[in-house]
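Q: Right, I'll just put the structure down here and ask away after.
The values are calculated or read from the model by the stated rules, or taken from the named source; none is laboratory data. Treat the numbers as computed from the prediction; the structure is a model and nothing was measured. Glycine also receives a Cβ, built like all others from the backbone with ideal geometry; neighbour counts cover every protein chain displayed. Heavy atoms of the whole protein, side chains included, go into the accessibility calculation; ligands, DNA and RNA do not. Shrake-Rupley method; radii C 1.70, N 1.55, O 1.52, S 1.80 Å.
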Amino acid sequence: MSPELRNAVKRRSEGVRNKGDTLVKKAHCFGKEDGVQVAVIVFRRCRYHTYSSSSQESWPPSIEEIKRAYPLPKCLQPQDVEEKSEVPDPIATQRHHGHTGAVETSEFNGVNRRKDWVEVGG
């Protein structure tokens, strides 16, 4: 294997490892929220990597327990996530300009924020 190819493979492997570390850190932060329990399972190179925000034996639930839960669970597939991430910018911004003023709404992490201002000039 050429040194260039070896370096490319090494960089890719490091990138995947960094993404896994980031996923666990984000899961850990999310699990600190009140009323949130998080479980992450990653299977890579014939090895399972797991994270659980709870040390309870009943957490995480089995797939069968999740399927029997009510209210029904939200089960997402890759295509569900890919469709939602088609917006190139994580903050989707819409602007509507009227005669007397303008309204800008921004959406970030599902939270809408509204800003009103009056246009100057015209």
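Yes/no per residue for (1) modelled with pLDDT of 90 or more; (2) in contact with a Pro (Cβ under 8 Å, 6 or more places away or on another chain); (3) among the acidic types (Asp, Glu); (4) surrounded by 10 or more Cβ atoms within 10 Å (Cβ to Cβ):
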{"residue": "Arg45", "(1), (2), (3), (4)": "no, no, no, no"}
{"residue": "Ser52", "(1), (2), (3), (4)": "yes, yes, no, yes"}
{"residue": "Glu65", "(1), (2), (3), (4)": "yes, no, yes, yes"}
{"residue": "Arg68", "(1), (2), (3), (4)": "yes, no, no, yes"}
{"residue": "Asp89", "(1), (2), (3), (4)": "no, no, yes, no"}
{"residue": "Thr100", "(1), (2), (3), (4)": "no, no, no, no"}
{"residue": "Ser106", "(1), (2), (3), (4)": "no, no, no, yes"}
{"residue": "Asp116", "(1), (2), (3), (4)": "no, no, yes, no"}
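Q: Could you check Val42 against (1) under 17 Å from the mean Cα position of the chain (by Cα); (2) farther than 19 Å from Ala27 by Cβ and say which number it fails?
A: Unmet condition: (2).
Q: Please name all residue pairs, on different chains or six or more residues apart, with Cβ atoms under 6 Å, provided the first residue is in segment 23-40 and is β-branched (Val, Ile, Thr) and the second residue is open to solvent by less than 100 Å² (accessible area, probe 1.4 Å).
A: Close Cβ pairs satisfying both conditions: Val24/Tyr51; Val38/Ala27; Val38/Gly31; Val38/Ser53; Val40/Ala27; Val40/Tyr51.
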